[in-house]
Amino acid sequence: MFVKLCGFTRHEDIEKILNLNISAVGFVFYKASKRYIKPVLAKELCVELKGSGICATGVFVDDDADTIKSIADYTGLDMLQVYRNETAEALRGFLPVISCFRVKPGHGVNDLPVPPESGHILFDTFDTVSMGGTGKAFSSDMLKNYRFRERMIMAGGINSSNVSSLVKEIKPFGVDISSGIETAPGIKSPDKIKEILDKIAEAENDSIA
C-alpha cells in the first residue's frame with residue numbers, strides 16, 4: 001500500500017523514518033498551514049531522504065505551476081500534490097502529481113471527480129479554515145463504490161483507531177496521514193508512526209488471508 005506521511009518540518013523526524021515502510025513524505029508549502037516549511041529547510045530534508053526510497057512530495061495550494069516548478073527544482077522534490085485541477089494539468093509531464101479533492105458534507109459518490117489521466121486523486125475533508133491536516137474525517141462509506149479506488153488516496157482524520165477498518169473495507173490505493181502521527185502540528189511521534197504502520201500491515205495481511 002502507498003503510505004504517505006505528511007507535514008514534516010524537522011530533521012530529527014526525518015531521521016527516524018528513513019528505514020520504515022513508507023512510500024512518501026510530504027512537505028507543505030502553503031504559508032497559511034501550521035505545518036508550513038520554508039524551501040531552504042525542505043531542501044535539506046530532501047537531501048536526507050535521497051537513497052531511502054521515500055518520495056519527497058511537495059504540497060501546494062495556491063501557487064501557480066511556474067512557482068511550483070521552481071520550488072521543486074530547488075528543493076529536489078520527487079512528487080507534487082496540488083489542489084487545483086488547472087495547476088495539475090499544467091504540471092503534467094514535469095513530475096508525478098496527486099490531485100486533491102475536499103469532500104463536503106452531503107457529497108455522494110457521483111460528486112467525486114475522476115482521477116487525472118495516469119495520476120492519482122486524494123480525498124480529504126472539506127474545512128472552511130484549513131486546506132488539510134485538520135484531523136477531521138469525512139463519511140467514507142461512499143468510497144466503497146468509487147470506481148477508481150486503485151488510484152485513490154484517502155486522507156482526513158486517519159489515525160491508529162480507524163486506519164485498519166479503512167484499509168480492509170475501502171481498499172484504497174493509499175493513505176495520507178498527518179495529524180494522526182503527531183503530538184503537535186509538524187511534530188511527529190515515532191510511537192504513533194510505528195503504531196499506525198503496524199495497523200496498516202495487519203489490515204493488509206487480514207485482507208489477503
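The values are calculated or read from the model by the stated rules, or taken from the named source; none is laboratory data. The structure displayed is predicted, hence computed values, not measured ones. Cβ placement follows ideal geometry from the backbone for every residue including glycine, while neighbour counts extend to all protein chains displayed.
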- Tell me, please, whether a residue that is within 14 Å of I17 (Cα to Cα) and either part of a helix (DSSP H, G or I) or among the charged types (D, E, K, R) (or both) can be found in region 160-167. no
- (1) over 21 Å from I37 (Cβ atoms); (2) in a strand (DSSP E or B) all hold for K171 apart from (2)
- Message: Can you find a residue that is in a helix (DSSP H, G or I), over 21 Å from Y36 (Cα atoms) and either modelled with pLDDT of 95 or more or among the small types (G, A, S) (or both) anywhere in region 127-148?
- Response: no
- Residue check for P116: in contact (Cβ under 8 Å) with a residue 60 or more places away in the chain and surrounded by fewer than 20 Cβ atoms within 10 Å (Cβ to Cβ): no
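Looking at the structure I just gave you, is I71 within 17 Å of the chain's Cα centre (by Cα), over 21 Å from M152 (Cα atoms) and of a type in the set (V, I, T)?
Spelling it out, it is not the case that I71 is within 17 Å of the chain's Cα centre (by Cα), over 21 Å from M152 (Cα atoms) and of a type in the set (V, I, T).
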- Item | Qualifying residues in region 168-209 (those that are modelled with pLDDT of 95 or more, crowded, with 17+ Cβ neighbours inside 10 Å and β-branched (V, I, T)) - the one farthest from F123 (Cα to Cα) | I193
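Conditions tested, residue by residue: (1) within 15 Å of the chain's Cα centre (by Cα); (2) without any contact (Cβ under 8 Å) to a residue 24 or more places away in the chain; (3) assigned to a strand (DSSP E or B); (4) under 23 Å from N85 (Cβ atoms).
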| residue | (1), (2), (3), (4) |
| --- | --- |
| F101 | yes, yes, yes, yes |
| D124 | yes, no, yes, yes |
| E150 | no, yes, no, yes |
| G157 | yes, no, no, no |
| G180 | yes, no, no, no |
| K199 | no, no, no, no |
- Can you pull out the residues in region 58-83 that are among the polar types (S, T, N, Q) and touching a Leu at 6+ places or on another chain (Cβ under 7 Å)? Q81
